[in-house]
């Protein structure tokens, strides 16, 4: 039986999308909440990620132990994550346990938010912040994004700061939850072997008390602040360099050409940055990625090296970016497309991968793109398309940051 897509919107605004495959051996479901660091204000910076933790601390009818035990009983591959623009809760199970996983996730999304749990989890979050402070690449990216987006919330840290978490109250968290976790701000995405009508009926019954909140988001592209920045840490023995420049958004058709461009220039194996920096031993790592977001996007380049080689690495990296289109070949574009299409197909063969793709598509586009359609759009990219997107977003203006001893 062929895979078929279905969509339904409940009266309370909850959207349900699914790719049903009777031949699949598993089923995956995710609740995609259109909220993240971008939707915070400075006084509650970090509340999105903290709230994600609190979702696993129990509900009116389940304790934290119950939640984790029940997921374990059905052998679920389950977790959650928070980004600048969405918070996702998901489970991947055998088909016979699909209904139970939907029940668990639905219940979790109406958490108890008990004060005692809040106080305990605050300590866990503070420990997590300390752990990430020991990872130079994370520190570098947080600081770079802060510098690039200046006062905009896209520059806030997903993981918060010690000061913001210490100051956060459970009342502030409850207010944020009430404003952002309405059913009209959530998409439930599913893929694999399931009965869609049954899924809709189950969600309609379980979310009937949920009330729409009218949560919105300003997607006006924020201004970025170009400039060079330096951070010192005497404990480090390596130097880390990163830069951000404007790029296509999640809604921009140029995102396909941008994916090909970043693969040609900055894939971690076989790209121009690899051959210019890693292969000759100038840098330990070097890559270029494209981060597409709601209404905006950025390219991010990264390299790590011996401190004595910083100037050479920086000059070489910028040279690769500035001369990127001077001698771009059709063969390079074709290789990149084939690599990206293979990765897309590998992700799409897994119900969990398709669930994530569906949820992300609907969060940003409010429309469905099949795996075949995504692959077709990617494979239609030409050398001229890549050159055009490079001219439209010419790796400038740049926000650059160096972290080293």
Review point. Picking from 88, 120, 102, 124, which residue would you name as being surrounded by fewer than 17 Cβ atoms within 10 Å (Cβ to Cβ) and in contact with a helix residue (DSSP H, G or I) (Cβ under 9 Å, 6 or more places away or on another chain)?
Key: 124
Exercise for review: Give the residues of segment 223-271 that are over 16 Å from residue 137 (Cα atoms), assigned to a strand (DSSP E or B) and either over 22 Å from the mean Cα position of the chain (by Cα) or modelled with pLDDT under 95 (or both), sorted by residue number.
Suggested key: 227, 228
Review point. Residues in segment 90-110: is at least one modelled with pLDDT of 95 or more, over 19 Å from the mean Cα position of the chain (by Cα) and over 21 Å from residue 194 (Cβ atoms)?
Key: yes
Practice item. Can you confirm whether segment 317-336 contains a residue that is under 30 Å from residue 34 (Cα atoms) and not assigned by TED's automatic domain parsing to the domain that holds residue 153? Key: no
Review point. Which of the residues that make up segment 157-201 are closer than 26 Å to residue 22 by Cα and either out of contact with any strand residue (DSSP E or B) (no Cβ under 7 Å at 6 or more places or on another chain) or part of a helix (DSSP H, G or I) (or both)?
Key: 195, 196, 197, 198, 199, 200, 201
Point to revise | Meets criteria (in contact with a strand residue (DSSP E or B) (Cβ under 8 Å, 6 or more places away or on another chain), crowded, with 22+ Cβ neighbours inside 10 Å and in a strand (DSSP E or B)) for residue 283 | key: no
Revision key, fill the gap. For residue 348, the lone unmet condition from (1) modelled with pLDDT under 95; (2) surrounded by fewer than 19 Cβ atoms within 10 Å (Cβ to Cβ) is (2)
Review point. Within segment 286-309, is even one residue at pLDDT below 95 and surrounded by fewer than 21 Cβ atoms within 10 Å (Cβ to Cβ)?
Key: no
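Yes/no per residue for (1) within 25 Å of residue 124 (Cα to Cα); (2) without any contact (Cβ under 8 Å) to a residue 24 or more places away in the chain; (3) surrounded by fewer than 21 Cβ atoms within 10 Å (Cβ to Cβ):
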| residue | (1), (2), (3) |
| --- | --- |
| 6 | no, no, yes |
| 12 | no, no, yes |
| 16 | no, no, no |
| 19 | no, no, no |
| 27 | no, no, no |
| 34 | yes, no, no |
| 41 | yes, no, yes |
| 47 | yes, no, no |
| 50 | yes, no, no |
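The values are calculated or read from the model by the stated rules, or taken from the named source; none is laboratory data. On a predicted model such as this, the values are computed, not experimentally measured, just so you know. Neighbour counts are summed over all protein chains in view; Cβ atoms, including those assigned to glycine, are modelled from backbone coordinates with ideal geometry.
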